[in-house]
Amino acid sequence: MVGEKLELQWKYNVKVSERNQWRISLYVFNNTDNAKNTLLALDQFGKIKVRQSLPLVYQRIDLKLSHNIARISIPTTTFDDTAGYGINFDKPSTGKNSLQKVTDVIIVDMFLDEADSSTVLRSWIGQSVDFVCTIILKVGADSPSFKWKNVDKNITFSNDKTSGTRTKSVLTIIPKSESDFGTYKCYARTSHAKIKHNMTLIKVGKLA
């Protein structure tokens, strides 16, 4: 979530007898401009090399790198921190990358509140049911837009079929036929995040 701390960590072990063969580096890959920036490197001689003149956005990152652990830590994230963060092991003698591990990070301003959102509901023809889609929204974030769809029938519902609040949307359904049972999907969107959540309506026998 934007504004929160992000920490990535990799654990490994380079044998003492082989440390003079390996160079280890931490890097960030920005998908927007396809730029790969090395943040920190540990060369085969055991020396730490910090890249000079890093873009300002990367100068806030706390870094740790050794022969058994690497860590990337951002105390307070911004949307500009969306990127791929990785560790690279290579042998300078061969000039080839031997091992690479990357974690894609997307900084958002909302999450789905799974505990308060519907998953599977049961009803019968003529009995109304409420689908609930709730999000956890960052304080100060723009209000999200919600959209509902019957996936099986490929029908998008108009706003007069829904109700709710800034962080919750409720779709009320009154099944009229067999085709009204099946999969429904809630879409929530801000300028920085998209959420898609599937829900299922199952037909059961009418209660006595």
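Miscellaneous remarks
- For region 62-85, the set of residues classified as closer than 22 Å to Gly46 by Cα and either part of a loop (DSSP other than H, G, I, E, B) or out of contact with any strand residue (DSSP E or B) (no Cβ under 7 Å at 6 or more places or on another chain) (or both) consists of Ser66, His67, Asn68, listed by residue number.
- Region 120-154, residues that are part of a strand (DSSP E or B), surrounded by 12 or more Cβ atoms within 10 Å (Cβ to Cβ) and β-branched (Val, Ile, Thr): Val129, Val132, Thr134, Ile135, Ile136
- Test: residue in region 50-58 that is surrounded by 13 or more Cβ atoms within 10 Å (Cβ to Cβ), more than 19 Å from the chain's Cα centre (by Cα), farther than 30 Å from Val170 by Cβ and free of Cβ contacts under 8 Å to residues at least 24 places away in the same chain: yes
- Identity of the residue in region 155-208, of a type in the set (S, T, N, Q), assigned to a strand (DSSP E or B) and in contact with an Asp or Glu (Cβ under 8 Å, 6 or more places away or on another chain), that ends up nearest to Thr82 (Cα to Cα): Thr183
- Selection from region 140-192 of residues that are among the aromatic types (Phe, Trp, Tyr) and closer than 14 Å to Met110 by Cα: Phe146, Tyr187
- Evaluation of Ser98 against (1) within 23 Å of Asn198 (Cβ to Cβ); (2) outside the structural domain of Thr190 (by the TED database); (3) of a type in the set (Gly, Ala, Ser) (one fails), failing number: (1)
- Unique match (being surrounded by 13 or more Cβ atoms within 10 Å (Cβ to Cβ) and under 30 Å from Trp22 (Cα atoms)) among Asp90, Asp109: Asp90
- Residue in region 73-81 that is crowded, with 17+ Cβ neighbours inside 10 Å and of a type outside the set (Asp, Glu) present: yes
- Yes/no for Asn68 being under 25 Å from the mean Cα position of the chain (by Cα) and not charged (D, E, K, R): no
- Tally, over region 1-18, of residues that are more than 17 Å from Lys64 (Cα to Cα) and either surrounded by 11 or more Cβ atoms within 10 Å (Cβ to Cβ) or among the hydrophobic types (A, V, I, L, M, F, W, C) (or both): 6
The values are calculated or read from the model by the stated rules, or taken from the named source; none is laboratory data. The model shown is predicted, which means the values in this text are computed figures rather than measured ones. Note that we place each Cβ from the backbone using ideal geometry, even for glycine, and neighbour counts take in every protein chain shown.
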